[in-house]
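Structure first, commentary second.
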Amino acid sequence: MTATTTAPARREAANPLTAGQLPLWGPWALIGVALAIGAAVSALVAGASGTDFSIVAAVLIAYVLYLVAITVVSQQIEGGRKAADRLVTGVVVGAFVLALVPLVSLVSTVIINGAARFDLQFFTWTMRNVVGEGGGVLHAIIGTLLVTLWAAIISVPVGIFTAIYLVEYGRGRLSQAITFFVDVMTGIPSIVAGLFAYALFALFAGEGVRAGIGGAVALSLLMIPTVVRSTEEMLKLVPNDLREASYALGVPKWLTIAKVVLPTALAGIVTGVTLAIARVIGETAPLLIIAGFTTNMNYNVFDGRMMTLPVFAYNQYVSPGVQEQAYFDRAWTAALVLILIVMLLNVIARIIAKVFAPKAGR
Amino acid sequence: MSKRIETNDLDVYYGDFKAVEGVTIDIEPRSVTAFIGPSGCGKSTVLRTLNRMHEVISGAWVDGEVLLDGANLYAPGVDPVNVRRQIGMVFQRPNPFPTMSIRENVLAGVLLNNRRMSRSDQDDLVERSLRGANLWNEVKDRLNLPGSGLSGGQQQRLCIARAIAVSPEVLLMDEPCSALDPISTLAIEDLIEELKQEYTIVIVTHNMQQASRVSDRTAFFNIAGTGKPGKLIEYDDTTTMFSTPKVQATEDYVSGRFG
Ligand SMILES: Nc1ncnc2c1ncn2[C@@H]1O[C@H](COP(=O)(O)OP(=O)(O)OP(=O)(O)O)[C@@H](O)[C@H]1O
Ligand SMILES: [Mg+2]
């Protein structure tokens with residue numbers, strides 16, 4: 001019996017490939033200890049100087065302590081390479097958490113403040129004849145959806161066709177010029193897009209024009225460069241082999257683009273378009289100028305003022321009535337709804353991307 | 001169903017660079033012709049000029065003529081799309097369409113060209129082409145799974161099935177076995193042997209045994225040095241090329257004494 005138990009043990013000891021290893025719980029234990037020390041130091045400082053206990057200070061102290069401790073301990077037990085690995089892992093995770101802090105804080109603030117008016121009335125009423133409490137944003141939701149939809153209708157075809165031209169046909173000067181102007185367009189301030197749309201529509205409809213479609217035009221100016229850029233990248237990723245395979249079957253170029261290149265890149269294109277929509281759906285300035293604001297429902301993008309969610313939130317915030325809180329609550333909830341719409345868009349895009357993605361067989 | 005290819009004093013360029021010079025060759029219908037030669041001597045380049053795939057590369061152009069049963073492929077007014085419908089191509093790396101199933105890959109020539117075909121005709125064509133490519137038994141139960149899920153050798157045979165499904169007159173193959181194991185290679189060589197009953201086949205290969213096994217005639221290309229154009233050195237029956245070639249360079253190359 002002794003023989004059977006010692007034999008593997010001896011073989012293990014003789015294995016030259018093994019090295020010292022921290023137990024799995026090691027880092028966690030260190031984190032716990034570091035947190036305890038950080039909290040203690042922070043409490044001591046707070047007691048001595050008579051200030052409040054600071055969680056931020058405690059966590060920061062604990063984090064630095066942990067980085068030092070894990071490096072030293074790992075150096076002793078596991079050697080230099082592992083120690084460097086643990087240190088860098090610690091730094092990277094720290095940076096990740098730091099990046100997460102504002103996001104979590106933003107989402108939680110919006111949820112907490114927006115919860116007050118997150119009720120049925122909010123989604124079924126407009127602000128028509130509402131003064132003070134109550135009312136809803138149905139008109140603004142519809143407005144946002146319509147304006148964004150039209151912006152997408154305008155900019156998705158333009159953007160995708162431009163990208164197809166640049167990748168599949170573009171040669172020489174013209175394509176260089178297009179690329180340059182697309183880059184310039186990326187930097188257009190949104191207020192300029194709004195003023196442009198206003199000036200454009202004022203030509204036809206006279207000064208003081210307000211229409212949802214104007215907002216859509218302004219937003220599409222902001223969307224087109226994003227769509228072009230992302231689609232271009234996706235089309236470039238399609239391997240040339242596939243185009244050649246298609247040509248070799250006697251398929252004309254346009255059919256090759258329509259039936260081989262685009263489907264192969266579709267998932268990426270959809271994602272790019274969704275990101276472009278998410279970028280413009282929260283735009284306020286251009287819509288303030290050209291779509292204006294109203295308390296009424298307006299289904300017609302081609303005529304009259306049209307409320308949108310960001311403008312609604314802005315409007316509630318800058319000009320609260322007598323019952324201030326009701327206005328602020330509505331602003332927060334509108335912001336929450338906007339975030340939810342963007343999230344929903346992202347989910348939909350992911351589903352679409354999944355459905356259309358080239359099926360990885362293996 | 002099978003046509004003769006001739007080239008007359010063909011020069012092939014990539015922009016200013018003359019890659020191949022003065023190729024004159026006469027390829028019999030219903031035969032297998034092998035292109036051999038050291039790397040960079042222009043075998044792929046010549047092969048791609050035979051179905052006007054060469055000009056897909058930007059800046060690439062051709063001087064001279066390629067005749068398909070006497071009709072010049074490079075005559076003004078010739079639509080390269082029509083040329084490629086008659087002269088199919090199999091590439092060095094298997095390239096099935098990743099968005100398509102096995103079945104759709106075989107039907108790609110039909111589907112991509114928006115040609116109408118009844119469901120039963122499609123099924124027939126799929127089975128015929130896959131049988132022709134020696135792949136039917138392996139994939140008949142999973143025709144609707146993605147083509148990229150097959151092994152490399154199966155993918156290559158899928159690409160061959162795709163190429164013969166459009167019933168071309170000529171089939172060009174650029175090192176079709178270079179990524180394959182010996183068994184798949186053998187399967188494809190058998191396949192070439194069968195396909196030669198119906199098609200004119202041109203195959204590029206680095207494998208001397210393969211060239212001597214599958215081909216009726218062999219063309220040896222060589223290059224004088226880097227930056228110089230490749231040339232057709234000798235073109236003859238495969239048995240002659242491998243036993244009593246007329247040119248010393250050919251003998252050196254086929255016997256492995258090259259360089
Ligand atoms: N796309 C291209 N652009 C510019 N030059 C090219 C291109 N493709 C090939 N060439 C050049 O043309 C010459 C012939 O190349 P080719 O690919 O035909 O050689 P090959 O005989 O097929 O070689 P291998 O056996 O390695 O495949 C080489 O000098 C190569 O550098
Ligand atoms: Mg080659």
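Side notes on the structure shown:
- Criterion (acidic (Asp, Glu) and not assigned by TED's automatic domain parsing to the domain that holds A:Thr333) met by exactly one of A:Asp85, A:Asp183: A:Asp85
- Residue ID - farthest from B:Gln122 (Cα to Cα), chosen from residues in segment B:86-105 that are in contact with an Asp or Glu (Cβ under 9 Å, 6 or more places away or on another chain) and more than 16 Å from ligand 2 (Cβ to nearest atom): B:Ile87
- Some residue of segment A:162-185 being away from every other protein chain (no Cβ under 14 Å), of a type in the set (Val, Ile, Thr) and not in a helix (DSSP H, G or I): no
- Residue match in segment A:346-361 (condition: more than 27 Å from B:Ser148 (Cβ to Cβ), modelled with pLDDT under 90, of a type outside the set (Phe, Trp, Tyr) and not in a helix (DSSP H, G or I)): no
- Pick from segment B:32-53, criterion within 13 Å of the chain's Cα centre (by Cα) and polar (S, T, N, Q), ranking: farthest from B:Glu21 (Cα to Cα): B:Thr33
- Residue list for segment B:157-174, restricted to those being surrounded by 21 or more Cβ atoms within 10 Å (Cβ to Cβ) and either under 14 Å from the mean Cα position of the chain (by Cα) or not hydrophobic (A, V, I, L, M, F, W, C) (or both): B:Arg157, B:Cys159, B:Ile160, B:Ala161, B:Arg162, B:Ala163, B:Ile164, B:Pro168, B:Val170, B:Leu171, B:Leu172, B:Met173
- Residues satisfying the stated conditions in segment A:217-256, i.e. of a type in the set (S, T, N, Q) and either in contact (Cβ under 8 Å) with a residue 40 or more places away in the chain or more than 10 Å from chain B (Cβ to nearest Cβ) (or both): A:Ser220, A:Thr226, A:Ser230, A:Thr231
- Applying the criterion of being of a type in the set (Lys, Arg) and assigned to a helix (DSSP H, G or I) to the residues of segment B:117-164, the residue that is nearest to B:Leu107 (Cα to Cα) is B:Arg162.
- Filtered residue count, segment A:258-291, keeping only those that are more than 11 Å from chain B (Cβ to nearest Cβ) and either farther than 30 Å from A:Ser190 by Cβ or part of a helix (DSSP H, G or I) (or both): 20
- Looking at B:Val110, B:Val83, B:Val56, just one residue is within 16 Å of ligand 2 (Cβ to nearest atom), without any contact (Cβ under 8 Å) to a residue 60 or more places away in the chain and within 13 Å of chain A (Cβ to nearest Cβ), and that residue is B:Val56.
- Residue selection: B:Glu28 satisfies the criterion of being out of contact with any Gly (no Cβ under 8 Å at 6 or more places or on another chain), under 14 Å from B:Ile201 (Cα atoms) and among the acidic types (Asp, Glu).
- Test: residue in segment A:177-192 that is closer than 20 Å to A:Leu309 by Cβ and in contact (Cβ under 8 Å) with a residue 40 or more places away in the chain: yes
- Checklist (1) crowded, with 21+ Cβ neighbours inside 10 Å; (2) more than 25 Å from the chain's Cα centre (by Cα) applied to A:Ala216, failing item: (2)
- Contact map, segment B:22-46: residues that are touching a residue at least 40 places away in the same chain (Cβ under 8 Å) and more than 6 Å from ligand 1 (Cβ to nearest atom) paired with residues that are part of a loop (DSSP other than H, G, I, E, B) and among the polar types (S, T, N, Q), Cβ distance under 7 Å, separation 6+ or inter-chain. Pairs shown: B:Pro29/B:Ser2; B:Arg30/B:Ser2; B:Arg30/B:Gln197; B:Val32/B:Ser215; B:Thr33/B:Ser215; B:Ala34/B:Thr205; B:Ala34/B:Ser215; B:Ile36/B:Thr205.
- Qualifying residue in segment B:119-137 (condition: more than 10 Å from chain A (Cβ to nearest Cβ), buried (at least 16 other Cβ atoms within 10 Å of the Cβ) and over 26 Å from B:Asp181 (Cα atoms)): yes
- Candidates B:Ala163, B:Ala219, B:Ala211, B:Ala179 - the one that is within 16 Å of ligand 1 (Cβ to nearest atom) and within 14 Å of chain A (Cβ to nearest Cβ): B:Ala179
- The set of residues from segment B:93-107 being farther than 15 Å from B:Leu145 by Cα and either modelled with pLDDT of 95 or more or more than 8 Å from every other protein chain (Cβ to nearest Cβ) (or both) comprises just one member, B:Pro94.
- Residue within segment A:95-106 that is part of a helix (DSSP H, G or I) and surrounded by 15 or more Cβ atoms within 10 Å (Cβ to Cβ) present: no
- Residue ID - surrounded by the most Cβ atoms within 10 Å (Cβ to Cβ), chosen from residues in segment B:20-50 that are within 11 Å of ligand 2 (Cβ to nearest atom) and within 16 Å of B:Tyr74 (Cβ to Cβ): B:Val46
The values are calculated or read from the model by the stated rules, or taken from the named source; none is laboratory data. Worth saying up front: this structure is predicted, and the values here are computed from it rather than measured. No Cβ is skipped: glycine too gets one built from the backbone with ideal geometry, and neighbour counts run over all protein chains shown.
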